[in-house]
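Some notes on the structure that comes next.
Every read-out reported here was derived from the displayed coordinates using simple, explicitly stated rules and does not represent laboratory data. Fair warning: this is a prediction, and the values are worked out from it, not measured in the lab. Heads up, the Cβs are rebuilt from the backbone with ideal geometry, glycines too, and the neighbour counts pull from every protein chain shown.
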């Protein structure tokens, strides 16, 4: 669990300050942040920080690492069981003026494409559409006359051929850059939640791991390959087949649909 979880938390907290409240993510006694929380929650007036437990106006939400609302662990089958009643609200990130200025260094109007999955996670292969498919999608959009960009970072893979690249300093810097994009194309994860938070259209490759009803956004185009989500925490054939069923034609058509609205 990581940055995407924190972005979903900011959606849960939206509007709290306007009601005279601050949302405390924790167990009702202690605010429980993890190593990703401060990066996303920084300067958010809707969220209570650790140490604010006893202040007036605190509203508790039972959501923290190891206890998320949208899933639960099935250890017998080594998978997530999804809470099909959960629906995310687009989050928000409060960037500083220097962060926004730095985020403008690539200009605007580009398509951000991200082939990388979190390779250090056991289920990463279940979200990997495949570099060759991403390359073809990028090449088609470039032939259509669109600027296509990709972030580079320490844990990311090599860039696709022919795309513009920009090195991100950290995740907040990535979000500041993403805010200037016309479209995001990539797997379900931190950047698709980031696109929702920054108000950027997206084509999201879900495949068969997690259902878009649970972590997707209605204003994005969410592609599953027609599969139901299995939640497997180890590489599985079902997820590979679901991703393989999403064609480059389908992604290209979805991207063109979204780009025609910008």
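The table that follows gives values for the structure above.
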item	result
MRE, 222 nm, helices only [DSSP H, n ≥ 4, -39500 (n - 2.57), over the chain, to nearest 500]	-8000 deg cm²/dmol
Nearest 10 degrees, 0 to 90: helix 131-143 Cα axis against the chain principal axis	70
Segment residue 238-residue 83, extension gain: residue separation times 0.36 nm, minus the distance between their alpha carbons	53.8 nm
5 Å binning of all Cα-Cα separations within the stretch 104-259, expressed as whole percents from 0 upward	2, 10, 20, 24, 22, 15, 6, 1, 0
Within the chain, percent of DSSP bridges classed antiparallel, to nearest 5	25
The stretch 207-233 versus the stretch 171-206: alpha-carbon centroid distance in Å	16
Highest-first arrangement of 113-121, 148-156, where packing means the average Cβ count within 10 Å	113-121, 148-156
Principal-axis tilt of helix 3-13 within the chain, Cα atoms, nearest 10 degrees	50
Square roots of five times the Cα gyration tensor eigenvalues for the stretch 179-262, Å	22, 14, 9
Solution diffusion estimate, µm²/s, Stokes-Einstein, the stretch 3-69, Kirkwood Rh from C-alpha pairs, 4 °C, viscosity 1.567 mPa s	111
Choice from 194, 54, 11 with maximal GNM fluctuation in the chain (Cα, 10 Å cutoff)	54
Modelled FRET efficiency - R0 41 Å, residue 73 with residue 153, Cβ distances, 0.05 increments	0.90
Degrees between helix 248-259 axis and first principal axis of the chain (Cα, 0 to 90, nearest 10)	60
Evaluated at q = 0.16, 0.19 Å⁻¹: base-10 log I(q)/I(0), Debye formula over Cα of the stretch 166-215	-0.44, -0.60
Cα centroid of the stretch 140-154 to Cα centroid of the stretch 236-262, whole Å	16
Contact order normalised by residue count of the chain, Cα under 8 Å, 6+ apart, percent	20
R0 of 30 Å, Cβ-Cβ distance residue 169-residue 219: FRET efficiency to nearest 0.05	0.60
Computed lengthening from residue 14 to residue 144, 0.36 nm per intervening residue step minus Cα-Cα distance	43.0 nm
